[in-house]
Amino acid sequence: MTQTDFPTTASPDGGAHSGHHGERKFRDYFTFNPDHKVIGLQYLVTSFVFYILGGVLATAIRTELATPASDFVSPDTYNGLLTLHGTIMIFLWIVPAGAGLANYLIPLMIGAKDMAFPKLNALAFWMIPPGGLMLIASFFLETPKAGWTSYPPLSLVSGQVGEGIWIMSILVLGTSSILGAINFVVTILKMRIPTMPMNKMPLFCWAMLATAALILVGTPVLAGALILLAFDLFAGTAFFNPSGGGNPVVYQHMFWFYSHPAVYIMVLPLFGTISEVLPVHARKPIFGYQAIAYSSLAISFLGLIVWAHHMFTSGTPAWLRMFFMIATMVIAVPTGIKIFGWLATVWGGKISLNSAMLFGLGFIAVFVIGGISGVMLASVPFDIHVHDTYFVVAHMHYVLFGGSVFGIYAGIYHWYPKMTGRMMNEPLGRIHFVLTFIGMNLTFLPMHELGLLGMNRRVAMYDPRFADLNVLCTAGSYLLAISTLPFLFNAIWSVFKGKPAGDNPWRALTMEWQTTSPPAIENFEGVPVLKTGPYDYGLERNGSQPGLASSDTPALSGGSPT
């Protein structure tokens, strides 16, 4: 018995081999195509292109910081590089990459033929390229230099054209994000197959529900802040301009009301990804299904009420600091539930140390380091001590680079066979993981020490006593840049020359693996029927297929039927 029954032409191995399997043409991926799978791949490829651009800027920044003097780029250019690097990595790489995975996977995971609003979905993607190109174009007109936070009054005096382009670009990308979130919510709530209640859907879908809620609540507030900032910039108003009586701290409140949840907008889809990758490659049921599912919602809620911990040095009253300190620390509880659930899942499992699993385990390792330093920064006295130092840079990159990029790579190695019908090259994948893991830690681990020693961030020149640690960081960044080469070669080569994957090379149980690879245009022939849980690994009984449960009652937690 498999997870899905196909009443028409299901194949003997459980796959949905349609007699008229639809295929996409290469040109479809360059058009306004409403197919969620096309849009998902458009998101993933486009965001990776911007990741390469953001990485080039990061390498230039680290080259400048290899020496204490400003000898590679001018301080003015350095500010522009820093602003574009942060903006591109957040708004054009991590957020769209998570949306790409969600677009490709959600309808397949819940047995739907497409997203709820296919054309709105395509529109959301096609707002990304103009938004990104607008941002890149600013490099040739007037680079925004106020950092990715764009705090006034600095953003009001650092260049009107560049700042205007930055604001417009973020507004376009934010609108795209909202349109995508509406689709995720409606699709998950309304388009699941009748036999899939909420408490039996894959954890990736729970994570995307929590992510979409954050986007829908937080992004309009950021849009409001940026529109008011644009009025200050171009119309001479003084909402945030202190010279006209405005209050720049109000901008900080509005900015961080979105931008702290943005951390979870970036990380939650990858939490969901890890919850899908680990059980498959450990051949064990996920430990604590309900706890992991509800912890996503808890993180989403708590993420909305902790924004002011970024403003402990902005005149926040002592009583308010106490609230935000405690609320921020409380987020460690649902996050810890996930970590312990993942560790208990792989503990004692039949682990396959393939590329997907390596990046999944690497994700846990680096994210835990970022989480621990996050709890440290939630403490008011410690935060004030290291505020605006490289300790914050180290924490942010362990959470965002470690927590997001490792998760994205784990997801790509895991679902690449489903997307292309081909396997990726495993030796190249392992080389990619080793280079990425060493490069990431060599780049960002020394930054903790730099921060504790007092090196300020966002500066092109620094005290020569910090030079040795900075050379280490720069060497790590070069290794990190090199680490993308085996992945790029592998991803492109495998499309044409990779070993045929078959429909379900991992013997996975979630519904996307029960159709063809790549899936037919309408995903499934007929309406699939849920028969077993998505994580019922190792529960074979009564001569059922290896890795597939025989019970009609899904076992969603710790191997015990619920």
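The values are calculated or read from the model by the stated rules, or taken from the named source; none is laboratory data. In this text the structure is predicted, and so the values were computed from the model without any measurement. Don't worry about glycine lacking a Cβ; one is built from the backbone with ideal geometry, like all the others, and counts go over all protein chains shown. Remember, those area values only see protein heavy atoms, side chains included, never the ligands or the DNA or RNA. Shrake-Rupley method; radii C 1.70, N 1.55, O 1.52, S 1.80 Å.
Given H placed 1.01 Å from N in the peptide plane, which residues other than close sequence neighbours of residue 499 have an amide H under 5 Å from its amide H?
Those lying under 5 Å, H to H, from residue 499 are 423.
In degrees between 0 and 90, to the nearest 10, how far off the longest principal axis of the chain does helix 75-87 point, with axes built from Cα atoms?
30
Picking from 86, 323, 370, whose Cα lies most toward the positive end of the charge dipole for the chain (charges on Cβ: Lys, Arg +1; Asp, Glu -1)?
Projecting each Cα onto the dipole axis, the largest value belongs to 370.
Which cross-chain or sequence-distant (5 or more) residues have an amide H under 5 Å from the amide H of residue 237, H modelled 1.01 Å from N in plane?
Amide H neighbours of residue 237: 232.
Apply the Karplus parameterisation 6.51 cos²θ - 1.76 cosθ + 1.60, with θ equal to phi minus 60°, to every residue of segment 423-428 and state each ³J(HN,Hα) to the nearest whole Hz, in sequence, with x for glycine and proline.
8, 7, 6, 5, x, 5
Could you pull out the trypsin sites (Lys or Arg not before Pro) across segment 38-143 that fall in loop regions by DSSP (anything but H, G, I, E, B) with no more than 16 other Cβ atoms inside 10 Å?
113
Given R₀ = 45 Å, FRET efficiency for residue 522-residue 73 by Cβ-Cβ distance, to 0.05?
The value I calculate is 0.30.
With every protein chain present, what accessible area does residue 73 have (1.4 Å probe, heavy atoms only), rounded to the nearest 10 Å²?
We get 30 Å² for residue 73.
So for the pair residue 200, residue 459, with labels modelled 7 Å out along Cα→Cβ, what separation do we get in nm?
6.1
Between the helical axis of 248-282 and the dominant principal axis of the chain, each derived from Cα atoms, what acute angle in degrees is found, rounded to the nearest 10?
30
Tally up the carbon and sulfur contribution to the accessible surface of the chain as a whole percent, 1.4 Å probe, everything protein left in place.
Ligands and nucleic acids excluded, carbon and sulfur give 71 percent.
Can you tell which of 152, 122, 112 lies farthest toward the positive end of the dipole of the chain, using +1 and -1 charges on the Cβ of basic and acidic side chains (Lys, Arg; Asp, Glu)?
112
Amide H of residue 530 versus every other amide H placed in the peptide plane: which residues, excluding those fewer than 5 positions away on the same chain, fall under 5 Å?
Under 5 Å from the amide H of residue 530 lie the amide H atoms of 195, each far enough along the sequence or on another chain.
Spin-label point model (7 Å from Cα, Cβ direction): what's the residue 313 to residue 216 distance in nm?
Placing both labels 7 Å beyond Cα along the Cβ direction yields 3.8 nm.
Quick one: check the C-alpha center-to-center distance for segment 252-291 versus segment 103-125, whole angstrom.
Answer, in whole Å: 20.
Could you tally the net charge around residue 346, taking each other residue with its Cβ under 14 Å from the Cβ of residue 346, Lys/Arg +1 and Asp/Glu -1?
Net charge around residue 346: +3.
Counting C-alpha atoms alone, how compact is segment 226-354: give Rg to one decimal and Dmax as a whole number, in angstrom.
Reported Rg and Dmax, both Å: 20.3, 65.
Compute the Cα gyration tensor for segment 395-444, then decide on rounded, prolate or oblate, letting a ≥ b ≥ c be the square roots of its eigenvalues: rounded whenever a/c is under 1.5, prolate when a/b is larger than b/c in the other cases, and oblate in all that remain.
oblate
As an exercise, identify the trypsin sites (Lys or Arg not before Pro) in segment 421-497 lying in DSSP coil whose Cβ has no more than 16 other Cβ atoms within 10 Å.
The qualifying sites are 458.
Counting each DSSP H run of 4 or more residues in the chain as -39500 (n - 2.57), what helix-only mean residue ellipticity at 222 nm follows after dividing by all residues, to the nearest 500 deg cm²/dmol?
Calculated from helices alone, the mean residue ellipticity at 222 nm is -20500 deg cm²/dmol.
Which log10 I(q)/I(0) values, to two decimals, does the chain give at q = 0.07, 0.10, 0.13 Å⁻¹ under the Debye formula with one point per Cα?
For the chain, the Cα-only Debye profile gives -0.40, -0.82, -1.37.
Between residue 467 and residue 32, what's the calculated FRET efficiency when r is the beta-carbon distance and R0 is 45 Å? Round to 0.05.
0.30
Hey, what do the phi angles of segment 156-164 turn into as Karplus ³J(HN,Hα) couplings, whole Hz, using 6.51/-1.76/1.60 and θ = phi - 60°, x for Gly and Pro?
Here the 3J(HN,Hα) series is 8, 10, 9, x, 5, 5, x, 5, x Hz.
In whole Hz and in residue order, list the ³J(HN,Hα) couplings for segment 116-132 that follow from phi through the Karplus curve 6.51 cos²θ - 1.76 cosθ + 1.60, θ = phi - 60°; x for Gly and Pro.
With coefficients 6.51, -1.76 and 1.60, one gets 5, 10, x, 5, 5, 5, 5, 4, 4, 5, 6, 7, 5, x, x, x, x Hz.
Obtain the nm distance between the two label points defined at residue 52 and residue 250 by a simple spin-label model: each point lies 7 Å from its Cα along the Cα-to-C-beta direction.
About 4.5 nm separates the two model spin labels.
Give the angle, between 0 and 90 degrees and rounded to the nearest 10, that separates the Cα long axis of helix 36-64 from the longest principal axis of the Cα atoms of the chain.
Taking Cα atoms only, the helix is inclined about 40 degrees.
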